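Novice: Have a look at this one.
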Amino acid sequence: MTETTQRLGIALPMRESVGVHGSIELVQEAERLGYRSLWTAEVNGVDALTVLAAYATATSRMQLGTGVIAIQSRTPVMTAMSFAALHMLSGGRAMVGLGVGSPIIAERWHGVTYPPAVTAMRESVAVMRQVLSGERTNFEGKYYCSKGFQLGITLPKDKPMPIYLAALNPAMLRLAGEVADGVLFNYSPAEAIAPMIAEVRKGAQAVGRNPDAIDYAMYVRCCVTDDPASAMLAYKRELSSYGFVDSYVKMFTRYGFGEDMQGFRQLWQDGKREEAVQCISDRMVQTLAAIGTKERAQAYIQACRAAGLTHPILFPIGASRNLAVDVPRTMQALAEV
């Protein structure tokens, strides 16, 4: 395995259009191709930890991470317990990937409070660190507390479980530098990477941590396809789904796509759903993903590396009807970037 492939991860959610067995076969192919890490997200489909448990039994080398789970969907103690199980099942390959979700996910879907994101994340990580260390918990914060819980299994000391924080905006980026082993960026162009890393480094330096010890990861969305028009439309729909998530709207506005987001919001609220999606411009799509040729996708990943990313995570995208062809083609085309 080359040094390059050791540094490239891949995101493979369990897609309904591919099926359970097809998804597992893709994961096994990704490991054969040399991908370093495997990530899966959790929104409103299957839960990420169950999926990773299935993937753990089908692989032997790749690290397995959630990218990401919302901290409000489980207590910090339960989250730590689940990751401990995954770590044991996989032979020490689990990676914790945490995000703060959104008020819609927390309050409407799960019926729980959505507290201030940075404080809640700081407290959640503190509780999880205590649990995963094997010590008895003794934490009382503003939003989370745990007293006297002790994990009933012993995790391998030689394979510590890293914690990654999903971070979009400066306050969360700095928190990642303070408390996390890695940071996971998302939906960002190469030119935005260095400023985000600078914020993470500020956080690390403020508490005396070595910022070079932090892993700087990002989902890099690519599609090597013969049908770029369909892939672009599918990606517009994906981007538009964040039109009411304020943290993402804030970030997209910072990248120069505020009009795309505001136009989408207005038309969606007016009931013009299909027109709303078209407010997501081709420029926004082309800035936040590489769709088309192998060479374009390779250059996109290389630009992210050059900007300081230490752990690019290929996220194959595309139109549903083409995924069975485009996902393996994209995986194979970019495995050695």
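Novice: I'd like to check something: does region 271-278 contain any residue that is in a helix (DSSP H, G or I), touching a residue at least 40 places away in the same chain (Cβ under 8 Å) and within 17 Å of A231 (Cβ to Cβ)? Step through it out loud before you land on a result.
Specialist: Of all residues in region 271-278, those in a helix (DSSP H, G or I) come to 273-277.
Cutting the leftovers down to touching a residue at least 40 places away in the same chain (Cβ under 8 Å) gives us 277.
Now drop any that are not within 17 Å of A231 (Cβ to Cβ), which leaves 277.
Yes.
Novice: Please verify whether C279 is within 20 Å of the chain's Cα centre (by Cα), at negative phi and either surrounded by 14 or more Cβ atoms within 10 Å (Cβ to Cβ) or not polar (S, T, N, Q) (or both), treating the condition exactly as stated.
Specialist: Judged against the criteria, C279 is not a match.
Novice: What are the pairs, 6+ residues apart or on separate chains, where a residue within region 241-263 that is buried (at least 16 other Cβ atoms within 10 Å of the Cβ) has its Cβ under 9 Å from a residue that is of a type in the set (K, R)?
Specialist: If the second residue must be of a type in the set (K, R), the pairs left are G243/R265; F244/R265; V249/R265; F257/R283; D260/R283.
Novice: Of all residues in region 96-126, how many are buried (at least 22 other Cβ atoms within 10 Å of the Cβ) and at pLDDT below 90?
Specialist: Looking only at that region, the number is 1.
Novice: Looking only at region 242-256, count every residue that is of a type in the set (S, T, N, Q) and farther than 23 Å from I193 by Cα and tell me the total.
Specialist: Taking region 242-256 as the starting set, the residues that turn out to be of a type in the set (S, T, N, Q) are 247, 253.
Next cut, farther than 23 Å from I193 by Cα only: none.
Residues in region 242-256 being of a type in the set (S, T, N, Q) and farther than 23 Å from I193 by Cα: 0 in total.
Novice: Taking the criterion of being closer than 11 Å to R221 by Cα, modelled with pLDDT of 95 or more and not in a helix (DSSP H, G or I), would at least one residue in region 290-306 satisfy it?
Specialist: Yes, some residue in region 290-306 is closer than 11 Å to R221 by Cα, modelled with pLDDT of 95 or more and not in a helix (DSSP H, G or I).
Novice: Only one of these conditions is not met by G203: (1) under 19 Å from the mean Cα position of the chain (by Cα); (2) within 18 Å of G99 (Cα to Cα). Which number is it?
Specialist: Unmet for G203, out of (1) under 19 Å from the mean Cα position of the chain (by Cα); (2) within 18 Å of G99 (Cα to Cα): (1).
Novice: Right, another one. If you check L267, L314, which single one turns out to be surrounded by 14 or more Cβ atoms within 10 Å (Cβ to Cβ), within 26 Å of I104 (Cα to Cα), touching a Lys or Arg at 6+ places or on another chain (Cβ under 9 Å) and of a type outside the set (V, I, T)?
Specialist: L267
Novice: Looking at T154 and the list (1) without any contact (Cβ under 8 Å) to a residue 40 or more places away in the chain; (2) within 25 Å of L64 (Cβ to Cβ); (3) hydroxyl-bearing (S, T, Y); (4) surrounded by 15 or more Cβ atoms within 10 Å (Cβ to Cβ), which single condition is not satisfied?
Specialist: With respect to (1) without any contact (Cβ under 8 Å) to a residue 40 or more places away in the chain; (2) within 25 Å of L64 (Cβ to Cβ); (3) hydroxyl-bearing (S, T, Y); (4) surrounded by 15 or more Cβ atoms within 10 Å (Cβ to Cβ), T154 is out only on (4).
Novice: Please give the strands (runs of 3 or more DSSP E) falling wholly within region 20-119 in which 2 or more residues are without any contact (Cβ under 8 Å) to a residue 60 or more places away in the chain. Explain how you work it out, then say what you get.
Specialist: Working: elements: 37-40, 63-66, 94-99.
Correct list: 37-40, 63-66.
The values are calculated or read from the model by the stated rules, or taken from the named source; none is laboratory data. Not measured: the values here are computed from a predicted model. Using ideal geometry, Cβ is built from the backbone for each residue, glycine included, and neighbour counts are taken over all protein chains shown.
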